[in-house]
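**Q** I'd like to ask some things about the structure below.
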Amino acid sequence: MVDLKSKAQEVKDHGYCVIESAYDDQECEGMRAIFDALCVKKGGLSADQPSFGFHPLLEWGPEMAPYYAKSVLVDAMEEVLQDDVRLSHSGAAVFDNSYTKPYLTQWHVHYAWDIPDGGLQRDNPERILCNIYVDGSSLDVGPLIVFPRQLNESVDRKDDVSVDWEGQDVVQVPPGAAVIFDTAVWHCSQRGNAKGIRRIWGGHYQGWHNPTPHPEDNASDNPTLTGFRNELPLLRSLLDGPK
């Protein structure tokens with residue numbers, strides 16, 4: 001049983017939390033098959049194309065929709081946001097360690113709203129990311145690196161985006177784990193030491209009582225989602241709102 005209040009407090013205190021074993025081995029195999037097929041559809045990973053992005057993921061791969069309806073993650077995000085959860089952006093990235101550069105992504109944040117003169121004054125994050133590491137996050141597979149921050153610390157950083165930052169966390173988790181973090185948290189990712197494919201997917205989430213638009217909002221009109229909405233009430237609540 002996941003202690004949801006403790007996980008939400010971790011996000012406030014450190015900027016992120018980890019939900020280990022959110023998905024089991026069978027689910028991870030199913031996700032790998034979907035992403036491998038999507039990569040083939042784009043021409044396959046190669047030295048000329050070492051990575052692929054899929055945005056909106058629910059447009060490229062609507063068969064991923066049932067994986068979004070994971071109650072432990074939705075419950076955790078509801079505790080973080082203190083609101084019913086809305087999926088605002090779906091996306092994924094796949095990397096081949098044989099071809100990628102040392103840094104898959106440079107240091108960056110996803111916070112895109114005006115900050116008051118007195119700094120952030122929030123009771124809870126108003127927008128969060130929840131990313132699923134299908135193959136785990138490790139030095140071999142490729143690590144997620146996070147710069148921890150408390151809820152209302154400054155978002156500004158002056159460090160070089162291509163070097164390690166003092167105090168950074170190298171997040172290492174098993175396959176199928178999820179990481180939930182505040183969009184104001186600086187993070188980056190590096191290539192793994194071992195050959196292999198790294199598959200990451202997830203989304204941006206807001207509360208349904210927070211209608212503020214964000215530059216990374218996206219939506220999908222894929223008709224396949226209609227069937228999934230009808231079958232999965234939790235997915236429907238993420239896309240259409242709670243009843």
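**Q** Around Ala178, under 10 Å between beta carbons, what's the net of Lys plus Arg minus Asp minus Glu among the other residues?
**A** 0
**Q** Using modelled backbone amide H atoms (1.01 Å from N, in-plane), which distant-in-sequence or interchain residues come within less than 5 Å of Trp186's amide H?
**A** Counting only residues 5 or more places away or on other chains, the set is Phe147.
**Q** Could you work out the local net charge near Met31, counting Lys and Arg as +1, Asp and Glu as -1, over the other residues with Cβ closer than 12 Å to its Cβ?
**A** The answer is -4.
**Q** With θ set to phi - 60°, apply the Karplus curve 6.51 cos²θ - 1.76 cosθ + 1.60 along region 97-103 and write out the HN-Hα couplings as whole Hz, x wherever there is a Gly or Pro.
**A** Calculated HN-Hα couplings, in order: 4, 5, 10, 6, 6, x, 9 Hz.
**Q** Right, here's the next one. Which value does Rg/Rh take for region 17-145 over its C-alpha atoms, Rh per Kirkwood?
**A** That ratio equals 0.98.
**Q** Then there's this: Taking the Cα centroid of region 81-131 and of region 169-183, what is the distance between the two, rounded to the nearest whole Å?
**A** Computed from Cα coordinates, the inter-centre distance equals 12 Å.
**Q** Pull out a ≥ b ≥ c, the square roots of the eigenvalues of the alpha-carbon gyration tensor of the chain, then state rounded if a/c is under 1.5, prolate if not and a/b is larger than b/c, and oblate in the remaining case.
**A** It comes out oblate by the Cα gyration axes.
**Q** Taking only the alpha-carbon atoms of region 113-243, what semi-axes of the equivalent ellipsoid follow from 5 times the gyration tensor eigenvalues under a square root, in whole Å, largest first?
**A** So the equivalent ellipsoid measures 28, 24, 11 Å along its semi-axes.
**Q** Indicate the gyration tensor shape class of region 126-182 (rounded, prolate or oblate), computed on the Cα atoms with a ≥ b ≥ c the square roots of the eigenvalues: a/c under 1.5 is rounded; otherwise a/b larger than b/c is prolate and the rest oblate.
**A** Judged from the Cα gyration tensor, region 126-182 comes out oblate (a/c at least 1.5, b/c at or above a/b).
**Q** So, R0 is 35 Å and r is the distance between the beta-carbons of Lys158 and Asn193; what FRET efficiency does that work out to, to 0.05?
**A** Given R0 = 35 Å and the Cβ-Cβ separation, E is 0.75.
**Q** What Kirkwood radius, in Å to one decimal, follows from the Cα pairs of region 58-107?
**A** 13.7 Å
**Q** If you average 1/r over all unlike Cα pairs in region 185-226 and invert the result, what Kirkwood radius do you get in angstrom?
**A** Its Kirkwood hydrodynamic radius stands at 14.6 Å.
FYI, it's all coordinate maths here, none of it is from the lab. Keep in mind that what you see is a predicted model, and the values were worked out from it rather than measured. Cβ atoms come from the backbone with ideal geometry, glycine included; neighbour counts cover every protein chain shown.
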